[in-house]
Amino acid sequence: MTRSVRCAGRSLLTALMVLTVLLGAMPTPVLSHDAISTEARKAYVAKLDELQRGAASGSAASRAVALLETGKLLDEIRSLLNEDIISHGKIQGLETTMLVNQLNATPYKLQQSPQTRLILADLRPWREALTLEPKGAHAALARYRVLKNHFYDSFVDNPLKPIQQSKETLLDMIGFGEGLLTAKQAEVDSEEVHFILAIHYLQAAESGAVPKAKCQQRVQDLVRKFRSSWPNSLKLATLDALANP
């Protein structure tokens, strides 16, 4: 087998593993694309309105909680809409379309990726919660949601080729990831944190955002942790393929 054929085969294998991990990372929508009812749409809009009011007044802690719940609600709606797009190439259905129009009339107007056509995560509620309560009880969850949502929105099919990611943003995400390695909250997925952080270090090595020797050492450390904690994870196979192209 020639070297070019071997490289092509490895590239295809890497792409398939990355795609599988990406599909597995997508949250499961609460409602199917064709099952949203008038009552469900109204409930989403009413809850968002209630949370907006909660985020506008009260103590810093209570406002931060309202923002965290806003972020969760927007992530849930986004998952529902993206399931529709993946299944049918577009958002369809009267109630779903009405929900989109109502959301676009709020400060949380939906943004669609020009590359993937999927709805992008709105990171503002999470970031605003962190501004209010940077060391609060839910700060780790907010950082985790920013880390994860930014990562999966930042590329099309190759995480080492982010669409638009400044060195400043990359360094911020590395800082978030490092800080989450010891997080104990149940909603913070440690496997996901180690995976994303390792890939961010691979990105940093390519972009020069962090010295290559440091990146290589951190990737080795993170992969070693992966082998001991999640030896059967597909993410481990993906990391191996990305780190050893």
Exercise for the section: Apply the membrane-span-like helix rule to the chain: whole DSSP H runs, Cα extent along the own long axis of at least 15 Å, mean Kyte-Doolittle hydropathy at least -1.0. List the helices found. Expected result: 3-25, 38-56, 60-88, 139-153, 167-180, 190-207
Exercise for the section: Please list the equivalent ellipsoid semi-axes of the chain, computed as the square roots of five times the alpha-carbon gyration tensor eigenvalues, in descending order and whole angstrom. Expected result: 33, 23, 15
Exercise for the section: Could you pull out the pairs from Lys72/Lys109; Lys135/Lys214; Lys42/Lys184; Lys47/Lys109; Lys42/Lys109; Lys72/Lys212 whose alpha carbons sit more than 26 Å apart here? Expected result: Lys135/Lys214; Lys42/Lys184; Lys72/Lys212
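Take every Cα-Cα pair in the range 65-179 and report what % of them are more than 26 Å apart.
On the way: 1562 of 6555 pairs.
It works out to 24 percent of all Cα pairs.
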Handout entry: Inter-label distance for Ala43 and Ile163, nm, one decimal - labels placed 7 Å from Cα along Cα-to-Cβ
Key = 3.1
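If packing is taken as the average count of other Cβ atoms within 10 Å, what order do 218-224, 128-134 fall into, highest mean first?
Values: 218-224: 16.9, 128-134: 19.0.
Packing proxy ranking, top to bottom: 128-134, 218-224.
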Exercise for the section: Would you work out the charge dipole size for the chain about its Cα centre, treating the Cβ of every Lys and Arg as +1 and the Cβ of every Asp and Glu as -1, and quote it to the nearest 20 debye? Expected result: 780
Problem - Spin-label zone in the range 86-115 - amide nitrogen under 15 Å from a point set 7 Å from the Cα of Glu50 along the C-beta vector - result: none
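Do you know the relative contact order of the range 115-237, to the nearest whole percent, from alpha carbon pairs under 8 angstrom that are 6+ apart?
Details: 116 pairs, mean separation 24.0, N = 123.
Reported relative contact order: 20 percent.
The numbers here are math on the coordinates, done by the rules we state, and not lab data. Everything numeric in this text was worked out from a predicted model, so none of it was measured. Quick reminder, even Gly has a Cβ in these numbers, built from the backbone with ideal geometry, and neighbours come from all protein chains shown.
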